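Here the structure is laid out as structure tokens; the discussion comes afterwards.
The values are calculated or read from the model by the stated rules, or taken from the named source; none is laboratory data. From a predicted model like this one, the values you see are computed outputs, not experimental measurements. Heads up, the Cβs are rebuilt from the backbone with ideal geometry, glycines too, and the neighbour counts pull from every protein chain shown. For accessibility, only protein heavy atoms count, side chains too; no ligands or nucleic acids. Shrake-Rupley method; radii C 1.70, N 1.55, O 1.52, S 1.80 Å.
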Amino acid sequence: MNDIIFRTERLKPHVVGFDNQQLANEARGAFHQLLEGTGSGSDFLGWVDWPEKIDTAIVKNISSDVARIAPKIKIFVVIGIGGSYLGARAVIEALQGAFGNNGPRVVYAGHTLGEDYYADLLDLLDANDYAVAVISKSGTTTEPAVAFRIVRQHLERKYGRDEAARRIIAITDASRGALRQIATDEGYSTYVIPDNIGGRFSVLTPVGLVPIAMAGHDIEALLGGARAMRAVCISSDDPATNPAMRYAMVRQAALRQGYPVEMLVNFNPQLVYLGEWWKQLYGESEGKDGRGILPHSATFTTDLHSMGQYIQDGQRLLFETVLSVANPRRRVCIPMDDEKNLDGLNYLKGKSVNDINHCAQEGTVMAHNAGGVPVLEIEVPEIGEHTLGELIYFFEFACGLSAYMTGVNPFDQPGVEAYKSNMFHLLGKPGA
Ligand code: PA5
């Protein structure tokens, strides 16, 4: 089932003709490149069929690792960077309560080199029982390797080497890289990141599934959502019935009509990291060879009080994709009549916060559109595992299409290497 509603009315009057024949032909060409493996980077198309083809033993093994580890920990440390952490964080933050939930609390490492962050993390780990997932496809990325060295030493000192090994899950390449070697030598529980799936397309592999399951969420439902959306995305090369093709066409039309920045907007703070994941997906896939839409994200109404002025009134260069959620998980209503009504809010009596949020959303879309911002609206019924699975697959498939329409290889990231070689020189890495 496809739960996503896609509204293009308010792209107008600024962006027109996104559904014209030329863009439809380009999208159709990209669709066939993706499904037939005839485009650049075609060695990395494993994610296209993954939700259908995933070996059920993987989900079973994850469940048994969760049953073995979760009851004895308060903290689960997820070590990884970029595609090896953003997807898990996006899903976990979307699903967990705003102030935590009943499962182990997931904290992140290896995505930063801020020293104070690690000092604070070690304090937390001193005080709480914990386990670790270390995630790196290459097994050699500096940030997670540094974090793992720090955390592993702490874990071995706290629990002894044998128990530490039982508390570490390594998710990496099947045979290559330093992490695979360490995991084999130490006897960690391990999962494979398939060769043909790159980091930013890997959230539905063990890269995302292990942390998401350890946090207490339903990975079968997540995969079910992805499977449902895959069926929609691959079944037809007709943009009228394929929302991923329409999204890719909208993006290309906006870019070509003078809007090189896309802002993914949500009205729910639990979706901040979905925006971070989406930015990496599109930024690393499309931003190359001097091309690509700059992906930006914002959480409203919070950011209306910081970025709202620019969006309404600044240089006309961005279009918004509003990710709208119809129903909250729970209701909070505005308390009844206040006799003095000093805050003047009696007129809201009986309305829910979500009612107000929806009016804020509609008012924002109207204002921005009138101010010269093309707005695409994508609505999901609620935030749950199934809809997140749908959204993940939708954005991944559309990203592949849009990158091929841009004329770049969606699946490499040569630009990420430049800072690394400078850093290695400065650090005096042997052989650098
Ligand atoms: O999307 C990507 O490929 C990157 O963001 C990688 O995931 C990131 O650089 C981490 O790489 P690795 O998993 O090899 O440590």
Could you please let me know if Asp185 is open to solvent by 50 Å² or more (accessible area, probe 1.4 Å), closer than 19 Å to Lys74 by Cβ and outside the structural domain of Leu274 (by TED's automatic domain parsing)? no
Go through region 84-117 and report how many residues are within 16 Å of the ligand (Cβ to nearest atom), open to solvent by 10 Å² or more (accessible area, probe 1.4 Å), part of a helix (DSSP H, G or I) and not aliphatic (A, V, I, L, M). 2
Could you tell me whether Arg161 is open to solvent by 10 Å² or more (accessible area, probe 1.4 Å), within 16 Å of the ligand (Cβ to nearest atom) and either of a type in the set (D, E, K, R) or not assigned by TED's automatic domain parsing to the domain that holds Thr56 (or both)? no
What residue, of Ser285, Ser297, Ser306, Ser235, is within 29 Å of Val207 (Cα to Cα) and surrounded by fewer than 16 Cβ atoms within 10 Å (Cβ to Cβ)? Ser235
Has region 20-27 got any residue that is crowded, with 16+ Cβ neighbours inside 10 Å and more than 30 Å from Leu318 (Cβ to Cβ)? no
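Of all residues being within 20 Å of Arg180 (Cα to Cα) and not hydrophobic (A, V, I, L, M, F, W, C) in region 201-237, which is farthest from the ligand (Cβ to nearest atom)? Just the residue, please.
Pro211
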Output yes when any residue across region 204-227 is buried (at least 21 other Cβ atoms within 10 Å of the Cβ), in contact (Cβ under 8 Å) with a residue 60 or more places away in the chain and among the basic types (Lys, Arg), and no when none is. no
When you scan region 191-256 for helices (runs of 4 or more DSSP H) that lie fully inside it, which ones turn up with 1 or more residues that are more than 22 Å from Phe319 (Cα to Cα), in contact with a Pro (Cβ under 8 Å, 6 or more places away or on another chain) and modelled with pLDDT of 95 or more? 206-214, 219-234
Mind checking which residues of region 146-179 are hydrophobic (A, V, I, L, M, F, W, C), in a helix (DSSP H, G or I) and closer than 24 Å to Ile62 by Cβ? Ala147, Phe148, Val151, Leu155, Ala164, Ala165, Ala178, Leu179
Enumerate the helices (runs of 4 or more DSSP H) found wholly within region 306-416, keeping only those where 3 or more residues are within 16 Å of the ligand (Cβ to nearest atom). 385-406
Can you pull out the residues in region 222-258 that are over 23 Å from the mean Cα position of the chain (by Cα) and of a type outside the set (D, E, K, R)? Ser235, Ser236, Pro239, Ala240, Thr241, Ala253, Gln257, Gly258
What number of residues within region 331-357 satisfy the criterion of being open to solvent by 30 Å² or more (accessible area, probe 1.4 Å) and either under 30 Å from Gly258 (Cβ atoms) or among the hydrophobic types (A, V, I, L, M, F, W, C) (or both)? 8
